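Working notes for the structure below.
The values are calculated or read from the model by the stated rules, or taken from the named source; none is laboratory data. Just so you know, these numbers come straight off a predicted model, no measurement behind them. Counting neighbours? That spans all protein chains shown, and the Cβs are built from the backbone with ideal geometry, glycine included. Areas reflect the complete protein model, heavy atoms only, side chains present, ligands, DNA and RNA absent. Shrake-Rupley method; radii C 1.70, N 1.55, O 1.52, S 1.80 Å.
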Amino acid sequence: METTMEQRALEAYQQLRDQHADPFRMKRCRIFVIGQDNDMEIVGAYQDVYEGLATIGDLAKDPVMRRMRFLGIDTCGWAAPVNGDGQDDAPPSVHPDRRRVRLVTLVDRNLEAGSALGFAEEPDEIITDSGNAKGSLADSLKEAMACIVLEQAGNN
């Protein structure tokens, strides 16, 4: 039976969680790959997740990246409720109802995604998503994978 992206993201979330003293207060995001043998390897740590995703394509020719089935990020930050009208001006970090959050998102070579998200005050209640999440982070992760796949296809 094939594992769904949602399940893979949950497995990665749980595996990576134990590698942090406090998984909700990481100083750097981590970019990782999962290879053909389902082995996970951290390929970079960055203070800014978008900077990391923008530069990770430089590793496209690395043997680890060539064996990669999934590209993922492990990050944390603040989340806040949205009011639904698109008029949320304040960033989540200053919102009065903010919550500390940790997110692991994966994308495969077909740009299918899955995520697992947890809140600091309820660390055992993990929310998963089968790729329906939208936003700049999901877009940046897919773009990074697309760039890697194209770079590798051009060098075969």
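Every residue, every condition in (1) open to solvent by 80 Å² or more (accessible area, probe 1.4 Å); (2) modelled with pLDDT of 90 or more; (3) not β-branched (V, I, T), yes or no:
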| position | (1), (2), (3) |
| --- | --- |
| Q15 | yes, yes, yes |
| H20 | no, no, yes |
| F24 | no, yes, yes |
| C29 | no, yes, yes |
| I34 | no, yes, no |
| M40 | no, yes, yes |
| Y50 | yes, yes, yes |
inquiry  = Considering only residues that are surrounded by 13 or more Cβ atoms within 10 Å (Cβ to Cβ), in contact with a Phe, Trp or Tyr (Cβ under 9 Å, 6 or more places away or on another chain) and either polar (S, T, N, Q) or within 25 Å of I42 (Cα to Cα) (or both), which ones fall in region 86-113?
reply    = R100, V101, R102, L103, V104, L106, V107, D108, R109
ask   = Within the bounds of region 55-62, is there any residue that is modelled with pLDDT of 90 or more, small (G, A, S) and surrounded by 14 or more Cβ atoms within 10 Å (Cβ to Cβ)?
value = no
Flag for E11 being free of Cβ contacts under 8 Å to residues at least 60 places away in the same chain, outside any helix (DSSP H, G or I) and open to solvent by 70 Å² or more (accessible area, probe 1.4 Å) = no
